[in-house]
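Reviewing the structure listed below.
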There are 4 protein chains.
Amino acid sequence: VAIVLGDNRYGKAETHLLRVTRRDGVHEIRDLTVTTSLSGDFDAVHLRGDNSAVLPTDSQKNAVHALAAEAHVGEIEQFALRLARHLVAASPATRRARVQVDEQPWERIAADGRPHPHAFARTGRERRQAMAVVDGAPGREWAAAGLTGLELLKTTGSEFRGFLRDRLTTLKETDDRVMATAATARWRFSTLDVDWAQSFAAARRALVETFATLHSRSLQQTLYEMGRAVLEARREIAEVRLSLPNRHHLAVDLTPLGLASAGEVFHVADRPYGLIEGTVLREGAPEGPPLDW
Amino acid sequence: VAIVLGDNRYGKAETHLLRVTRRDGVHEIRDLTVTTSLSGDFDAVHLRGDNSAVLPTDSQKNAVHALAAEAHVGEIEQFALRLARHLVAASPATRRARVQVDEQPWERIAADGRPHPHAFARTGRERRQAMAVVDGAPGREWAAAGLTGLELLKTTGSEFRGFLRDRLTTLKETDDRVMATAATARWRFSTLDVDWAQSFAAARRALVETFATLHSRSLQQTLYEMGRAVLEARREIAEVRLSLPNRHHLAVDLTPLGLASAGEVFHVADRPYGLIEGTVLREGAPEGPPLDW
Amino acid sequence: VAIVLGDNRYGKAETHLLRVTRRDGVHEIRDLTVTTSLSGDFDAVHLRGDNSAVLPTDSQKNAVHALAAEAHVGEIEQFALRLARHLVAASPATRRARVQVDEQPWERIAADGRPHPHAFARTGRERRQAMAVVDGAPGREWAAAGLTGLELLKTTGSEFRGFLRDRLTTLKETDDRVMATAATARWRFSTLDVDWAQSFAAARRALVETFATLHSRSLQQTLYEMGRAVLEARREIAEVRLSLPNRHHLAVDLTPLGLASAGEVFHVADRPYGLIEGTVLREGAPEGPPLDW
Amino acid sequence: VAIVLGDNRYGKAETHLLRVTRRDGVHEIRDLTVTTSLSGDFDAVHLRGDNSAVLPTDSQKNAVHALAAEAHVGEIEQFALRLARHLVAASPATRRARVQVDEQPWERIAADGRPHPHAFARTGRERRQAMAVVDGAPGREWAAAGLTGLELLKTTGSEFRGFLRDRLTTLKETDDRVMATAATARWRFSTLDVDWAQSFAAARRALVETFATLHSRSLQQTLYEMGRAVLEARREIAEVRLSLPNRHHLAVDLTPLGLASAGEVFHVADRPYGLIEGTVLREGAPEGPPLDW
């Protein structure tokens, strides 16, 4: 039986750059980490070591730098799209390019009560993300946006009851628990005609506010409602994927220490953790790209 | 337009346990990290917060502990299969269970020239991995094995020439470079009637020896040949997936320091890095599981 | 020649807890990671395995939980002091207790334009820190405060010129560079009669504003001025220690790509990095604690 | 009251290099991470931004590369000493240089049953370490060696009983527990006339064998005996410092699962963990260097 090459892709991962824009003594910065990935007709290099179709990953890194320099960077969704188009054009064997851009946020330092023109402090642990997939064929371009590391916690308004019990179930039901997560969310657009900044802000707000305000019977319900809120907030979004680790906060039993256990001190556990993953989408949404997004 | 629930799954991630077996004063240990994941008919919990079909992730953790205690753990592929079958049986709404088991290796300490009966030192940075997917329907069980963190390096026998040049290409061709990677590999079995330990050892050896002995024209070629060697070594393996970061080792130019640059000192770069991913499979191989493996 | 026991200490590291305070339906949270360490007359346990003087690290963890539950937690400097006093009292062999408390910041989620009463989002990558050392003898108590992970960056207002050149120096002088760091700072108090919250806020502000506004000729100068600003801002602080990694941002040379190199795109390097460490103190400041702070 | 500069130092952290030596087609590799640090008369740069005495950290990195290229690298203790001497000589203001070298171990791949001449696999999670401190004055040179990340575990031969109980103590005594650690050890030499490789091997063996063979009443006792064994094995070592995290392995109570709890399944806890630190030294040992080692 013959042995054959299946799916494959290659690229440059985690090109980390700072883009500075100076205008009348006021500087703007963008802190970006970019990963590119190409797939297409690359049999020759795999089977025979023939590199003639291979655009080096070093050139892909150069492309990241050049596109960051050439034009206004814009929102990261646009930058990802531009870069993906460039890579498809630069490499004839490439059928599809996938680009992921992570943006690390900074804010202007306030000094003497005024925003400083060129000094910044890093804010937040969360990264904004954008992805673009560009296929050679016309009209086959996709964009997604998202975020990772969004840490959320609520101290009440969360229960977990009425679950299935098998012979190994020892968990007690609770009608009031701490619920905490570090969300990763990604949403896919059904169009590329989007006000990216406004869309991101609204989607993020929908996620955060739903987590806060929904009385949660389970993390699955919270996941679904978070996804639904994004879709209801923004028509241009076709589908939302969420990954919600359940960061267990276990009430410490203080009675052996001679104290009342009033649910005030919680052990924050590292591992194991629950992991809830799901997709919420618009019925009949246009299909997504052929590469993982 | 209606909003609907798409793909979803949930489980307990990274239950980390040590299993000790004692026999006549000689102890064996297994250091395992287990992640479970269930998917199936879970609309009620997502849409209405109705938990009646939900086997808690805490019970899944208990199942890991119970199965580790009950029986001889055996090879991790078997343990993953047993656990996946248990979870499907324990939870009627579950159509498919996916279990991943990572094994962290330890070796017996030699003291006074003899293997010590109950003292161990951790070896290696690499983790052996197994995955099982069990679908409720008869005959629908799959297993995969693999490893992650396999760091390999060769100081010659690697070139990169004749590649595509676009207007942004600045990379020089080289007929002799350091090539280094930290491989993640995963291979899927076409049968469950396997001598797992022997199979793993042979597959791992095929990966390592191919990396060492192949004169490499590109990391893609090395990837393909590593996968092919696994398939040629073991008939029970249908498909191999490899992810090979290219850990760039850049020759330091010593001439500005007044020294000959003889290719003896290399800067080990962290980021960015090349990332080469690909699949090698047997033509006509039976299809894999419906969940990512 | 005899072999003897030298300096030693033991304790419980990284007890991670969440403290919830509920008042009229509005919840406050504190997310703390606490490390305790005891030293004193512990020869018996080291030399003979006699544990009779050893307060278990498990009991130290219980003490963290109990003190977090019993009283208003207060500022972390106070909590560290209370805990250190408790540990000295609970363990006769202990001559000195050292406690470190890290606080991870959260802020209230705004939902429907209002601060939510019980839902929070994690902010910032920076951790506020406090340390207390309590010696059994009267008057021998010390406190320190600080922060770690304070990421700062300025896009101009930083030069590095006129440095020493040896035969291996290849660095070019620059009168305009990006300067970035992730500061760790710790300051020691000469008194315990302090408004801790106000003191911390003022010290942090002095660090950040000095980084922003000082025209820097070197990171050492910036370090000194940051320390000096803290001491000038707060009389109760005797000494400041700073550790400033120099996160190199290297201007990408775009001319090989056919573009003008206008200092707009920078490669953010991971390793190696410069590391500048120093102490700034008030002349004649009272001595610090006998344990590392 | 005047504000003054206290202790300070600066250098280049984590220069990561691979040194390749080729002889008759057989290659040797050394994978080193080097951190340098200078202290001395650096008031001018801190107080006035006058860099004229400052050897750039970039030049220190160049020195690492040049010394790695120039000579046989030798054992890392020697390399650290040579580099520290070079830095003191290259920088008049430097009174003391401190160099730390970490070595990441690789072993030759066996292919076709023979050691391969130029292909290697990374082994172990442990790093060998060396430190040198060189003071300008004659005879003031010190070396230390050590290791970090040495993971050890024993499944019996460890108890913890007869400890102090205060009102918050809930821990049960045990006469048989799993004991596990990830040791960091550092030992200081009383002479520089040492067979470094042999000394390291013997010291490491003393640590590992003592951990294995000592019946432990507490981790403190194990720490002391590990240090003592090093000193007894090697006359050239004056002092040993050990840091031993207690990686708690908690027996899972299986009785609620309907199983006998035979001490066979253990939960491996991440945090909190015990942390035991101590020094063992030869009475009257010559003093160590004025910088932290």
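What ³J(HN,Hα) values, in whole Hz, does the Karplus curve 6.51 cos²θ - 1.76 cosθ + 1.60 give for region D:259-264 when θ = phi - 60°, with x put for Gly and Pro?
10, 5, 9, 9, x, 10
Can you tell me the FRET efficiency between D:A260 and A:E287 if r is taken as the Cβ-Cβ distance and R0 is 45 Å, rounded to the nearest 0.05?
On the way: r = 54 Å, r/R0 = 1.19.
E(calc), rounded to 0.05, equals 0.25.
Using every pair of alpha-carbon atoms in the protein assembly as shown, split the distances into 10 Å bins beginning at 0 and state the percent of pairs per bin, rounded to integers.
Pair shares across the bins are 2, 9, 16, 23, 24, 18, 8, 1, 0.
In degrees between 0 and 90, to the nearest 10, how far off the longest principal axis of chain C does helix C:57-70 point, with axes built from Cα atoms?
The angle comes out near 90 degrees.
Starting from the exponent 0.38 and prefactor 2.2 Å, build the expected Rg for region A:186-289 from its residue count and divide its actual Cα Rg by it.
1.42
Normalised by the number of residues in chain A, what is the relative contact order in percent for Cα pairs under 8 Å and 6+ residues apart?
Computed over chain A, the figure is 13 percent.
Counting only Cα atoms, I'd like the Rg/Rh figure for region C:30-170, Kirkwood definition for Rh.
1.18
What is the Cα centroid distance between region C:217-293 and region A:117-135, reported in whole angstrom?
Cα centres, region C:217-293 to region A:117-135: 24 Å.
More than 18 Å apart: what percent of Cα pairs in region A:124-193 qualify?
So the portion of pairs separated by more than 18 Å is 63 percent.
Once phi is turned into θ = phi - 60°, what whole-Hz ³J(HN,Hα) does the Karplus curve with 6.51, -1.76 and 1.60 give for every residue of region C:38-53, x standing for Gly and Pro?
10, 9, x, 8, 10, 4, 4, 6, 6, 7, 10, x, 8, 8, 5, 9
Mind checking the mean number of beta-carbon atoms from other chains within 10 Å of the Cβ atoms in A:221-233?
Partner-chain Cβ atoms within 10 Å, mean over residues of A:221-233: 3.
Under 5 Å between amide hydrogens, which residues at least 5 positions from D:V252 or on another chain qualify, with H placed 1.01 Å from N in the peptide plane?
Result for D:V252 returns D:V265, D:F266, D:H267.
With +1 on the Cβ of every Lys and Arg and -1 on the Cβ of every Asp and Glu, and nothing else charged, how large is the dipole of region A:140-256 about its Cα centre, in debye rounded to the nearest 20? Intermediate values should be presented prior to the final figure.
Numbers: 17 positive and 15 negative charges, 50 e Å.
Here region A:140-256 has a charge dipole of around 240 debye.
Sequence gap at least 6, Cα distance under 8 Å: using those rules, report the relative contact order of region B:29-100 to the nearest whole percent.
49 percent
Stokes-Einstein diffusion coefficient for chain B at 4 °C in a medium of 1.567 mPa s, Rh from the Kirkwood formula over Cα pairs: what value in µm²/s?
59 µm²/s
Which percent of the Cα-Cα distances in region A:80-152 go past 13 Å?
Cα-Cα pairs of region A:80-152 separated by over 13 Å account for 71 percent.
Against the longest alpha carbon principal axis of chain A, how many degrees, from 0 to 90 and to the nearest 10, is the axis of helix A:76-90 turned?
Helix A:76-90 sits at roughly 30 degrees to that axis.
Report relative contact order for region C:5-65 in percent, whole number only (criteria: Cα-Cα under 8 Å, sequence separation at least 6).
Computed over region C:5-65, the figure is 36 percent.
For C:T21, place a label point 7 Å from Cα along the Cα-to-Cβ direction in every copy; what are the distances to the other copies, in nm, shortest first?
Listed shortest first, these distances are 4.4, 5.4, 6.3 nm.
With a 10 Å cut-off between alpha carbons and a GNM built on chain C, which of C:H86, C:H116, C:H248 moves the most?
Looking only at C:H86, C:H116, C:H248, the biggest GNM fluctuation is shown by C:H116.
Using a 1.4 angstrom probe on heavy atoms only, work out the carbon and sulfur share of the accessible area of region C:93-241 in %.
43 percent
Just want the answer: with Cβ charges of +1 for Lys and Arg and -1 for Asp and Glu, which residue in A:Q198, A:H215, A:G288 is farthest toward the dipole's positive end in region A:189-293?
Most positive-ward Cα: A:H215.
Take peptide B:144-153, look around each residue's Cβ out to 10 angstrom, count Cβ atoms belonging to other protein chains, and average those counts.
Partner Cβ neighbours, averaged per residue: 3.
Starting from the Cα of C:T123, step 7 Å along the direction of its Cβ; do the same at A:D193; then give the gap between the two resulting points in nm.
3.9 nm
Please report, in whole Å, how far the alpha carbons of region C:24-97 spread along each principal axis, starting with the longest.
Projected onto the principal axes, the Cα atoms of region C:24-97 cover 54, 18, 17 Å.
Mind pulling the angle between the C-alpha long axis of helix C:196-213 and the longest principal axis of chain C? Nearest 10 degrees, somewhere in 0 to 90.
With both axes taken from Cα atoms, the answer is about 20 degrees.
If the label for D:R85 sits 7 angstrom from Cα along the Cα-to-Cβ line, what are its distances to the same label in every other copy, in nm to one decimal, shortest first?
5.5, 6.3, 6.8
In peptide D:257-267, what is the residue-averaged number of other protein chain Cβ atoms found within 10 Å of each Cβ?
Working: counts 11, 3, 5, 1, 1, 3, 2, 9, 13, 9, 8.
Mean number of neighbouring Cβ atoms from other chains: 6.
Would you mind checking which residues have amide H under 5 Å from C:E151's amide H? H placed 1.01 Å from N; only 5 or more apart, or other chain.
A:R122, C:A183
Taking the alpha-carbon distance from C:K61 and a cut-off under 27 Å, which lysines remain once sequence neighbours fewer than 8 residues away in the same chain are dropped?
Of all the lysines, those that pass the test against C:K61 - Cα under 27 Å, at least 8 places apart if same chain - are A:K154, A:K172, B:K12, B:K61, C:K12, D:K154, D:K172.
To the nearest hundred square angstrom, how large is the accessible surface buried between C and A, total for both chains, probe 1.4 angstrom?
4600 Å²
Per residue of region C:219-226, what does 6.51 cos²θ - 1.76 cosθ + 1.60 with θ = phi - 60° give for ³J(HN,Hα)? Whole Hz please, x for Gly and Pro, Karplus curve as stated.
With coefficients 6.51, -1.76 and 1.60, one gets 5, 4, 5, 4, 4, 4, 5, 4 Hz.
For A:S243 and D:R205, what does the FRET efficiency come to when R0 = 35 Å and r is the distance between their Cβ atoms, rounded to the nearest 0.05?
Numbers: r = 46 Å, r/R0 = 1.31.
Approximately 0.15, to the nearest 0.05.
Could you order the peptides A:13-21, D:206-214 from most to least packed, using the average number of other C-beta atoms within 10 Å per residue? Please list the in-between numbers first.
Values: A:13-21: 20.1, D:206-214: 22.2.
Ranked from most to least packed, the peptides come out as D:206-214, A:13-21.
Just which residue of chain D brings its Cβ nearest the axis of rotation onto chain A, and by how many angstrom, rounded whole?
D:D270, 2
Would you look at the GNM of chain D, springs on alpha carbons closer than 10 Å, and say which of D:W196, D:W187, D:W142 moves the most?
Ranking D:W196, D:W187, D:W142 by mean-square fluctuation puts D:W196 first.
Using a Gaussian network model of chain C whose springs link C-alpha atoms within less than 10 Å, name the residue from C:V134, C:V252, C:V34 with the highest mean-square fluctuation.
With Cα springs under 10 Å in chain C, the top fluctuation among C:V134, C:V252, C:V34 is at C:V252.
Please give the net charge around D:G11, taking every other residue with its beta carbon less than 10 angstrom from that of D:G11, where Lys and Arg add +1 and Asp and Glu add -1.
My count for the surroundings of D:G11 gives +3.
Would you calculate, for chain D, the mean residue ellipticity at 222 nm contributed by helices, counting each DSSP H stretch of 4 or more residues as -39,500 (n - 2.57) and dividing by all residues, to the nearest 500?
Counting only the DSSP helices, I get -7500 deg cm²/dmol.
The values are calculated or read from the model by the stated rules, or taken from the named source; none is laboratory data. Keep in mind the model is a prediction, meaning the values are calculated, not measured. Note: ideal-geometry Cβ built from the backbone for every residue, glycine included; neighbour counts use all protein chains shown. Note: areas computed on protein heavy atoms with side chains; ligands, DNA, RNA excluded. Shrake-Rupley method; radii C 1.70, N 1.55, O 1.52, S 1.80 Å.
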